[in-house]
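In what follows, a single structure is set out as structure tokens and then discussed.
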Ligand SMILES: [Zn+2]
């Protein structure tokens, strides 16, 4: 049985646009899904076993998301999406680790995803730990938290948790792009956008913080 709903509409963001138009079209599609969630009108599309069966042979996600492992930030629910819609990478603290960068390069380079959302959130435990050097952590956690601490030190001391979470979200998005030649090239070609979002736990709303502009590298012969 075919799944009820507007499946064809949901694929429109990619089917009728030139490569340069796809990032903005997919962002609009995500924002519409989030708005349905906020209004309590989620359609829960692509959530059936039939849809799952339909994507067994191959995936064609519309967007990729780098988010936190935090249980209060379930990416598919926030964007009212289902099986095969989003390529989601999550780890504690929304970190642009080598594994995360590699995963997102796969999404962009092999699955042709035109949009990456880097989704930070209010009250992030990893960021909170970075603000409390007195905490005793395991070696692995110390590594992650130490990295966050170094990053936040760039912005000065005595920052609030909320401000630190926001700044880290922007840093994670920037680090992601500037650690990857593939992502930078796609961005410069206009075939990819990397957008930072901040999820407010109290309002359940994602605040869009803008997109990452790639660093301009000078080529031979350029002034
Ligand atoms: Zn978190």
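Values in this text are rule-based calculations from the coordinates and carry no lab data. Predicted, not measured: the structure shown is a model, and the values here were computed from it. A quick note on method: Cβ atoms are made from the backbone with ideal geometry, for glycine too, and the neighbour counts reach across all protein chains shown.
Quick notes on this one:
- Pair-distance distribution P(r) for region 13-211, from all Cα-Cα distances in 10 Å bins starting at 0: 9, 35, 35, 17, 4, 0 percent.
- Inter-probe distance in nm under a simple model that places probes 7 Å from Cα toward Cβ, at residue 21 and residue 163: 4.3 nm
- Taking each residue as 0.36 nm, the span from residue 110 to residue 69 lengthens on full extension beyond its C-alpha to C-alpha distance by 12.3 nm.
- Cα shape, region 56-112, gyration tensor, a/c 1.5 rule: oblate
- Residue 191/residue 135 FRET efficiency (R0 45 Å; Cβ-Cβ; nearest 0.05): 0.60
- Mean-position separation - Cα centroids, region 171-203 and region 106-164, in angstrom: 15 Å
- Computed label-point distance, nm, for sites residue 202 and residue 128 using a 7 Å Cα→Cβ extension: 1.5 nm
- Once the Cα gyration tensor of region 172-216 is diagonalised, semi-axes √(5λ) in Å: 25, 10, 7
- C-alpha long axis of helix 139-153 to longest principal axis of the chain, angle in °: 80 degrees
- Once the chain from residue 31 to residue 155 is taken as fully extended at 0.36 nm per residue, the excess over their C-alpha distance is 41.7 nm.
- Relative contact order [Cα under 8 Å, 6+ residues apart], the chain, whole percent: 20 percent
- Highest-MSF residue in the chain out of 155, 198, 106 [GNM, Cα springs under 10 Å]: 155
- Segment residue 55-residue 38, length gained on full extension (0.36 nm per residue, minus Cα span): 3.4 nm
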